[in-house]
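The structure appears below as structure tokens.
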Amino acid sequence: MRAITKAVIALALLAGPADAQARPDPMRDASLQAGTISQTDPMVALRAPTEAAPDGPAANAELGGLPDAPGAEETYYQCVACHSTDIIKQQRITDARWDELWQWMVEEQGMFEPDPETRDVILAYLKTQFSSER
């Protein structure tokens, strides 16, 4: 019995790495392969430009590279208290998701909620500059 167990383990160890190499790695950057973006790459939705789009507002270096548009300053000071602007710039989510994310940050993460007018300015900025709907 012990010899059979050892044989099974040896077979598994030999076959394991070969089997693992045969399967595609879903975390591998498929866009680097052949210089194209693969629609089967699960990371495509998470990747977004970190700089302003060529047709959008220029990035403001003083505000962590956020697009220079109304609401950028308010957004910068509200958000960098907890995370970098890179977190903001990589987002491409729906307007409704921005609302949900705001509530989650306030309720679950302890984010300070500014007055309603400032909140509206920040959310309008985020929805304009970092929405998947535009």
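So here's what we get for this one:
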quantity: Residue within segment 48-60 that is over 19 Å from Arg134 (Cβ atoms) and either modelled with pLDDT of 60 or more or in contact with a Ser or Thr (Cβ under 6 Å, 6 or more places away or on another chain) (or both) present; calculated: yes
quantity: Those residues of segment 55-79 which are in a strand (DSSP E or B), of a type in the set (A, V, I, L, M) and in contact (Cβ under 8 Å) with a residue 12 or more places away in the chain, in sequence order; calculated: Leu66
quantity: Number of the exception - Arg92 against (1) in contact with a helix residue (DSSP H, G or I) (Cβ under 7 Å, 6 or more places away or on another chain); (2) in contact (Cβ under 8 Å) with a residue 40 or more places away in the chain; calculated: (1)
quantity: Per-region count, segment 95-134, residues without any contact (Cβ under 8 Å) to a residue 24 or more places away in the chain and closer than 18 Å to Gly56 by Cβ; calculated: 1
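The values are calculated or read from the model by the stated rules, or taken from the named source; none is laboratory data. Every value quoted in this text rests on a predicted model; they were computed, and no experiment measured them. When we count neighbours, we look across all protein chains shown, and the Cβ atoms used for this are built from the backbone with ideal geometry, even at glycine.
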